Amino acid sequence: MSRTLRANLVTLVLIAPALLLLLAVFVWPMGYYGWLSLQAQSVFTGLEPVPVGLANWQRLLGDARFWQDAAQTLRFSGVSVGLELLLGLAIALVLHQRWPARGVVRSLTLLPWALPTTVMALGWRWIFNDPNGPINGLLQSVGLATLPFLASPQLAWIAAVVADVWKTTPFVALVLLAGLQMIPADLYEALALEGGHSWQALWRITLPLLRPYIFLVLLFRLAQALGVFDLIAVLTGGGPAGSTESLAVYAYLNAMRFLDFGYSATVMLGMFLLLLLSALLLLLWRRAAEA
Amino acid sequence: MTSPSLPSDPISGGPMSRGPKASSAGSTPASALLGRILAVGLLLFWSLGPMVWQLYTSLRTPEALLAGWAGLASGWTLANYTQILTGDPPFWRYLLNSFLVGGVSTLLTLLLAIPCAYGLARRSGALRLVMGGTLLATAVFPYVLLFLALLEVARHFGLANNLLALCLPYAGLSLPLAVLLLQAAFAELPPELEESAVLEGLSLLQRLRWILLPLLGPAVFSTALLVFLFSWNEFPIALTWLSRSELLTLAPAMARIAGSSVYTVPYGAFAAATVLGSVPLLLLLLVFQRPIVAGLTQGAIKG
Amino acid sequence: MTRPPRELWARRLALGLLAALVVALLLPVSIAVARPAVTIRVLMPAPFVDATAATVDAFNRSHPRLTIAVTRGPFETESVSDLAISSLLLGDSPYDLLLMDVSWTAKYAAAGWLLPLDDRLGPDPLAGVVSGARQGNVIDGHLWRLPMVASMGLLYWRTDLMERPPRTPAELVAVSRQLQQQGRVRWGFVWQGRQYEGLICDFLEVLHGFGGRWEPDLTPGLGLEQPEAAAAAGWLRQLLVDGISPAAVANFAEPETLQAFETGDAAFMRNWPYAWSELQKPGSHVAGKVGVTTMVAEPGQSPAATQGSWGLSVLRGSSHPDQAVEVLQALTGADSQRRLVKDWGNTPTLTALFEDPELLAASPTLPEQLRALEYSVLRPITPAYAQLSDILQRQLSDVITGGLPAAQAMGRAGQASTLLLESTGGEGTGA
């Protein structure tokens, strides 16, 4: 046996188990959805698959609810990831300073990120309660009317954004913090010698050098936010008036409550395509930004 | 993407930089200190405020909660905790289930990820590039999309309502990040180290076990913590794979508690559950802050 | 390279712990296998677990070789269904019997999860059942479910604030407004306005009160694209606009509604029969000051009470169907219902029990409940009901929170419902 062949074989043996599991968990499901989206499998077929061609896809195109949910999911993702980026950057800059007990502050800041989403979503439901939650309690104590955070379509999605920002900003901050620590200090010193201001330092040194980190955190967070499920399922269940329903919640309802598996798979593939599109736009933006 | 080189612990070992704020000229030390204290205070209020409110709620009687801010002198109780801990099943059962699933998933993930990362790190060229891209794509993939297909898997192979079986998809979902992290760590080891071990006649398994892994201790540990956190918190798959209440892990149990109020809205009990569900993670964070932070930041860069 | 012994011990300890955990997990399984007698497992929503506990105890004592094991489900109706569905989808369901809401039956039967009860319960199992609880059990010619408790929407009113309850929507608003202006109550009418199944139940009563209908065979739009539907939804919205109902009603389910009424904050409440006994408990500000009647209706229209009965079905996957039927009969029988009425304020399904003097003494609203049952209306019976309900919930919620004008929203709901039935092949599969 030649040495390269042997080395290849060893590599194969080393990565094969992991590769197989990845295939089973990520690749097979997408193929299965592709097949399932061409079937009717629902209560009307006794839960048995019956080929129906493109009927599910036709229904998807004409499904106002799918498109409304898609728009809502995009709005939710855009706003919360944007806020997370701004807030995360601010927090990273604070955490980057040197002061005593920084380690403890860092781990306490990280707490929201480490908690299960369902745990903290239940907590936020109580915080947003009308009229007994703390925010409404505060409003009442200064003589203002209470706000129906979870009962108003205009407010409920903002409540979801607040809870999501609270939960995931620590993650963003941490990644950006890692980026900050990569920036050589002498760059700032050089700028200070030229008489540059601290805002100039932020614009001319910090942000350009953070760009790879910002891109990475955007990619990661956007993908996760577009798939938002746990938070919505526990905080609002998608209401009121479906104003907080995300595509993942819609797909889940179609499968587990409506027992319409063919359509659920179609909704998920539709969501996957939207996701790919967003990732592509992000890549194009990055290329443009680099040029 | 190009990856800047990174010391194993970016928190303590990162290059010193004073940051943009520190370099600002003209601000007096006193006002800078005040601003800093204010910033940190705000940050802690934002991060911990909601949790403190849950703690407060969990210790209040229902009447005290409805009465608002007045009367802080009375209305304190531990009844919410007794209620949660004597429920059917008792709350600690969910914590135990999550702990078991988290532990086994972590072991399984490491078992698969370490050889894979080692194999990839030793290679260069097309395979590594393709695998790197695939791993990144799967690492950011919103896994909620997989629940229906995984439900079919559970049904077909009879894996439902089995905590150990649940560790299989968890390991699969954690693999991409774990391999990326470990591969980066392997790549940092000097190749001479292994070459000399080969000359000494150590087999692949021996080299991995006695030379490489001990050096990778910190990276393996922080990867393990991240995988554990993921498995502890996972919701949609647990929701579809587990239906027996005594087998529920923490995340679906919380969602079910949210829908289980009888006649009145038991926010005190909800809050007690929230607090009990948070304590293990708070401890984990306080004890293992450094490796978790290191793992997260490393993963971000080496992706 | 040698390893320090301490590390070795730590590893052995960890392995030992893991092995112990695995054994601990497998142990209950082996015990279950060893048990000789038959156990029938029942899934019920949490409140019914408590309410049937005495019956279950008595049964288990008198049947040494047949044990009923009840699983406590969540409180919310849809959460119980979600739980049941998730275990049924996984196959190998751990339950033999399921306590089902009337609106699930068609879906579960179409999915093939239920055992037809036709030949197992004698010639006419529904003979003694009151008419308002008889519907919704026979679908496509098969009996799938036997009702255990009847339930219907009621209008609760404060006997200390008025002589007699309002009969029309206009009256309800006028009385509320007057009481609010006098400062005797903060709110007029509290009801279930959250986007969930309860909203549909409330709406259905108002819809009938305005002369409308919601049925799968009606065109266009199952009856939703009619002016009556718009009028009914518009009236509910107007309650919030006029301050008769608090804005928070748009996020109220039964518990929040009950809480608001119990504190004496409201003059009227829409709720189910069980609320009456809750309101008589110590701590309630309105104990002894509450009457019940049917929901208001426009002059010339008859009032309506949404049928919300709970009944037992045998799951097809049960390995002991005969014993399951025996348990079903015990739980739906007269003795069981008597306890449910006397101790828990539920409504019986057996006609004879409505005239039982002992029960009348314990539950003085029984005659009014029987009257309401005569006006009971059913939600559409079709396997696609969950979707139809969801479509309507969403549009109703949009109306109530001021997002869309009622007519437009009901038009959308009607169109979406028609489209759904067309595209899923569920057209005309009504009962």
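Just so you know, all these numbers are worked out from the coordinates, no wet-lab data involved. It should be emphasised that the depicted structure is a prediction, and the values quoted were computed from it without experimental measurement. Note: ideal-geometry Cβ built from the backbone for every residue, glycine included; neighbour counts use all protein chains shown.
Any chance you could list the semi-axes, whole Å, largest first, of the equivalent ellipsoid that the Cα gyration tensor gives for region C:90-138, using √(5λ)?
Equivalent-ellipsoid dimensions as semi-axes: 22, 14, 10 Å.
Excluding B:Ser245 itself, what net charge comes from residues whose Cβ is under 10 Å from its Cβ, given Lys and Arg +1 and Asp and Glu -1?
So the surrounding residues net to +2.
Could you tell me which of B:Ala238, B:Leu33, B:Leu199 has its Cα farthest along the dipole of the protein assembly as shown towards the positive end, charges placed at Cβ (Lys, Arg +1; Asp, Glu -1), taken about the Cα centre?
Looking along the dipole axis, the top candidate is B:Leu199.
Which whole-Hz couplings ³J(HN,Hα) result when phi for each residue of region B:237-244 is put into the Karplus expression 6.51 cos²θ - 1.76 cosθ + 1.60, θ = phi - 60°, listed in order with x for Gly and Pro?
Here the 3J(HN,Hα) series is 5, 4, 4, 8, 8, 10, 10, 7 Hz.
Where the only charges are on Cβ atoms (+1 Lys, Arg; -1 Asp, Glu), what is the dipole of region C:259-349 about its Cα centre, to the nearest 20 debye?
100 debye
To check you understand DSSP bridge types, tell me what percent of the beta bridges within the protein assembly as shown (both residues inside) are antiparallel, rounded to 5.
60 percent
GNM, chain C, Cα, under 10 Å: largest mean-square fluctuation among C:Pro64, C:Pro165, C:Pro367?
C:Pro64
Taking every Cα atom in chain A, find the radius of gyration and the maximum pairwise distance Dmax, and write them in Å.
23.8, 85
Kindly list the residues of region C:157-178 that lie in the label zone of C:Asp242, defined by a backbone N under 11 Å from the point 7 Å along the Cα-to-C-beta vector.
Zone members listed by number: C:169-178.
Report, as a whole number in µm² per second, the diffusion coefficient that Stokes-Einstein gives for the protein assembly as shown at 10 °C and 1.306 mPa s using the Kirkwood radius over alpha carbon pairs.
51 µm²/s
What is the diffusion coefficient of region B:62-195 in µm²/s, taking the Kirkwood radius over Cα pairs and the Stokes-Einstein relation at 37 °C with a viscosity of 0.692 mPa s?
The diffusion coefficient I find is 173 µm²/s.
Between C:Arg379 and residues 5 or more places away or on another chain, which pairs have amide H atoms under 5 Å apart, with H built 1.01 Å from N, and which residues are they?
Placed amide hydrogens put C:Gln307 under 5 Å from C:Arg379.
Given H placed on each backbone N at 1.01 Å, which residues far from C:Val190 in sequence or on other chains put an amide H within less than 5 Å of it?
C:Phe268, C:Met269, C:Arg270
Tabulate in residue order the Karplus-calculated ³J(HN,Hα) for region B:144-157, using 6.51 cos²θ - 1.76 cosθ + 1.60 with θ = phi - 60°, rounded to whole Hz; enter x for Gly and Pro.
Computed from phi, the couplings for region B:144-157 are 4, 4, 8, 4, 5, 5, 5, 4, 4, 4, 4, 5, 5, 9 Hz.
Kirkwood Rh over Cα pairs of region A:159-246 into Stokes-Einstein at 25 °C, 0.890 mPa s: D in µm²/s?
Using the Kirkwood radius from Cα pairs, D works out to 159 µm²/s.
Please list, ordered by chain and number, the residues whose modelled amide H lies under 5 Å from the amide H of A:Gln39; skip anything fewer than 5 residues away on the same chain.
Distant-sequence amide H within range of A:Gln39: A:Val52.
Taking only DSSP H segments of four or more residues, each worth -39500 (n - 2.57), what value at 222 nm results for the protein assembly as shown once the sum is divided by all its residues, to the nearest 500 deg cm²/dmol?
After summing the helix terms and dividing by the residues of the protein assembly as shown, the value is -19000 deg cm²/dmol.
Within 12 Å, Cβ to Cβ, of C:Pro125, how many net charges do the neighbouring residues add up to if Lys/Arg are +1 and Asp/Glu are -1?
Value of the local net charge: 0.
Determine which residues of region B:36-76 fall in the zone a paramagnetic label at A:Ser141 would reach in this model, i.e. backbone nitrogen under 11 Å from the point 7 Å along Cα→Cβ.
Of the residues in region B:36-76, B:68-72 have backbone N under 11 Å from the label point off A:Ser141.
Once the convex hull of the alpha carbons of region B:87-302 is built, what does its volume come to per residue, in cubic angstrom?
Spread over its residues, the Cα hull of region B:87-302 gives 141 Å³ apiece.
Got a sec to turn the phi values of region A:134-141 into Karplus ³J(HN,Hα) couplings, 6.51 cos²θ - 1.76 cosθ + 1.60 with θ = phi - 60°, whole Hz, x for Gly and Pro?
After applying 6.51 cos²θ - 1.76 cosθ + 1.60, I find x, 5, 5, x, 5, 4, 5, 5 Hz.
Where Lys and Arg each count +1 and Asp and Glu each count -1, what net charge lies around C:Asp242 among other residues with Cβ under 15 Å from its Cβ?
+2
Towards the positive end of the charge dipole of the protein assembly as shown, with charges on Cβ (+1 Lys, Arg; -1 Asp, Glu), say which of B:Pro280, B:Ala171, B:Pro190 has the farthest Cα.
Final value for the positive-end residue is B:Pro190.
Once each part is reduced to its C-alpha centroid, what is the distance from region C:290-334 to region A:218-287 in angstrom?
37 Å
Obtain the nm distance between the two label points defined at C:Gln329 and A:Ala279 by a simple spin-label model: each point lies 7 Å from its Cα along the Cα-to-C-beta direction.
Placing both labels 7 Å beyond Cα along the Cβ direction yields 6.0 nm.
Mind checking which of A:Gly196, A:Gly133, A:Pro170 is farthest towards the positive end of region A:61-290's charge dipole, using Cβ charges of +1 (Lys, Arg) and -1 (Asp, Glu) about the Cα centre?
Toward the positive end, the furthest listed residue is A:Gly196.
Just from the alpha-carbon atoms, what are the Rg and Dmax of chain C in angstroms?
24.5, 95
Connecting C-alpha atoms closer than 10 Å in a GNM of chain C, tell me which of C:Ala409, C:Ala267, C:Ala111 has the biggest fluctuation.
C:Ala111
May I ask you to derive the relative contact order of chain C, considering only C-alpha pairs under 8 Å and at least 6 residues apart, and to give it as an integer percent?
24 percent
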